[in-house]
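**Q** Have a look at this one before I ask anything.
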């Protein structure tokens, strides 16, 4: 691993991981802008492109635990470097391939692997191991806010690139940008000195088995499924939904998705900050319930640019605010040793929800001609997630020989 003997600065780790998340998540949030131009050029239905994005999200989750294991064994920097090359290759694939099954499979594997190697699951481990316990929840909030800044910054840029250079050239430019920014930032992710090993140290298999048979962990997994379903359905299908509702100006969708990113900078930061003071399970429950209420009000209100902007701002506060709280619960229960891996398992559930949300949106739209049923499912799942997060026990798990919790 890179310079493992030098103690990293939390400021350096947060800055480097923040820029990596800005690029990785910022580009990913804008994939909805390519739905219509790619579908029109290739003569596809919305379901084809939706399935491609759904597969990307599913494989992101599938690869997540393995990327986490690799980061804990070989160092976060090496995994992020691999992710940068996967990302660039995936963007080039999406620009060049016009055969539906190849487009779906290739972009799914490449972008899925790229996101698994360059987003929250991987970076939460090094952030958690670098930050002192008193600052850990706050540090998770900062990293989530950086991801939201990427959405706010890059989504308008992506739309402008598509408009002025064409959808293919936009992919080429973004692929180059990923390599130029993510590689030097990855080199700054020096792992903190490893603690001395003890005979009581858990193995990967033991840590996995412990988590998968622990009820609070399973409740957290179920709640994160809902998070993925809601966010990716809205993020990918919002531009098309607004056009169906008569808002033909594409800038409204661009501004709405950018507002989500802007307001989630504050939502994620303060969720992390509050997570250090209040029970995280109550905060998570409140977020999911608030999402269900906000979506319901949006569907009831007359659709106009201003109703869209208000909805986007409200959802933005709630968007990725679950991330620092969820990572904080995992660290609090199981400790830091396998944080990246366990975050990867939870995130697999998130991405399974993402897969179903984005695919179901395209599937039901193709058959029903609208998104009404999916919106209702999104509301119901929000209420479900609010309820199942309430009984989560956040206390450290009892072991005969506890795993290390602080560094």
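**Q** How long are the semi-axes of the equivalent ellipsoid of segment 27-142, defined as square roots of 5 times the Cα gyration tensor eigenvalues? Whole Å, largest first. The partial results should precede the final answer.
**A** On the way: eigenvalues 200, 42, 22 Å².
For segment 27-142, the semi-axes come out at 32, 14, 10 Å.
**Q** Also: Which angle between 0 and 90 degrees, to the nearest 10, do you get for helix 10-29 versus the longest principal axis of the chain when only C-alpha atoms count?
**A** Taking the Cα atoms of the chain, the angle to 10-29 is about 30 degrees.
**Q** List 320, 299 from most exposed to least, where exposure is judged by having the fewest other Cβ atoms within 10 Å.
**A** In increasing order of surrounding Cβ atoms, one gets 299, 320.
**Q** Here's another thing I want to ask about it. To the nearest 500 deg cm²/dmol, what mean residue ellipticity at 222 nm is calculated for the chain from DSSP H runs of n ≥ 4 alone, each contributing -39,500 (n - 2.57), summed and divided by the residues?
**A** Details: 16 runs with 320 residues, N = 407.
Helices in the chain give a 222 nm mean residue ellipticity of -27000 deg cm²/dmol.
**Q** For residue 282 and residue 10 in one chain, what is 0.36 nm times their gap in residues minus the Cα-Cα distance, to one decimal in nm?
**A** Numbers: separation 272, 0.36 × 272 = 97.92 nm, distance 2.80 nm.
Here the segment from residue 282 to residue 10 would lengthen by 95.1 nm.
**Q** Does segment 300-407 come out rounded, prolate or oblate by the C-alpha gyration tensor, with a ≥ b ≥ c the root eigenvalues, rounded set by a/c under 1.5 and, if not, prolate when a/b is larger than b/c and oblate if not?
**A** Values: a/c = 2.87, a/b = 2.19, b/c = 1.31.
Because a/c hits 1.5 or more and a/b exceeds b/c, segment 300-407 counts as prolate.
**Q** Suppose R0 equals 25 Å. What FRET efficiency, 1/(1 + (r/R0)^6) with r the Cβ-Cβ distance, do residue 376 and residue 266 give to the nearest 0.05? If you can, show how the numbers build up before the last one.
**A** Values: r = 29 Å, r/R0 = 1.16.
Working from the Cβ atoms, E equals 0.30.
**Q** Further question: For the chain, what does the convex hull of the Cα positions come to per residue, in cubic angstrom?
**A** Taking only Cα atoms, the chain has a hull volume of 117 Å³ per residue.
**Q** So, one more: Highest GNM mean-square fluctuation, the chain, Cα pairs closer than 10 Å: which of 48, 12, 22?
**A** 12
**Q** Compute a Gaussian network model of the chain, connecting alpha carbons closer than 10 Å, and tell me which residue from 376, 183, 59 fluctuates the most.
**A** Checking each option, the largest mean-square fluctuation is seen for 376.
**Q** For a Förster distance of 51 Å, can you work out the FRET efficiency between the beta-carbons of residue 187 and residue 398, rounded to the nearest 0.05?
**A** 0.80
**Q** Multiply the residue separation of residue 66 and residue 367 by 0.36 nm, subtract the distance between their alpha-carbon atoms, and state the gained length in nm to one decimal.
**A** The residue 66-residue 367 span can extend by a further 104.7 nm.
**Q** Using only C-alpha atoms and all pairs of different ones, pull out the Kirkwood radius for segment 294-340 in Å with one decimal.
**A** 12.9
**Q** Something else about it: What list do you get for 318, 110 if you sort them by fewest beta carbons within 10 Å?
**A** On the way: 318 26, 110 22.
Placing the least packed residue first, the sequence is 110, 318.
**Q** Compute the angle between helix 100-116 and the longest alpha-carbon principal axis of the chain, please, reported from 0 to 90 degrees and rounded to the nearest 10.
**A** 30
**Q** Taking the Cα atoms only, what angle lies between the long axis of helix 250-275 and the longest principal axis of the chain, rounded to 10 degrees?
**A** Taking the Cα atoms of the chain, the angle to 250-275 is about 20 degrees.
**Q** Rank 116, 82, 16 by mean-square fluctuation in a GNM of the chain with C-alpha springs under 10 angstrom and give only the top-ranked residue.
**A** 82
**Q** Extension gain residue 301-residue 102, at 0.36 nm per residue separation less the Cα-Cα distance, in nm?
**A** Separation in residues times 0.36 nm, less the Cα-Cα distance, equals 67.5 nm.
**Q** Order by neighbour count: 130, 76, 286, fewest other Cβ atoms within 10 Å first, most last.
**A** Starting with the residue having the fewest Cβ neighbours, the order is 286, 130, 76.
Where a number appears in this text, it was derived from the coordinates with a stated rule and is not lab data. All values reported here derive from a predicted model rather than from experimental measurement. Using ideal geometry, Cβ is built from the backbone for each residue, glycine included, and neighbour counts are taken over all protein chains shown.
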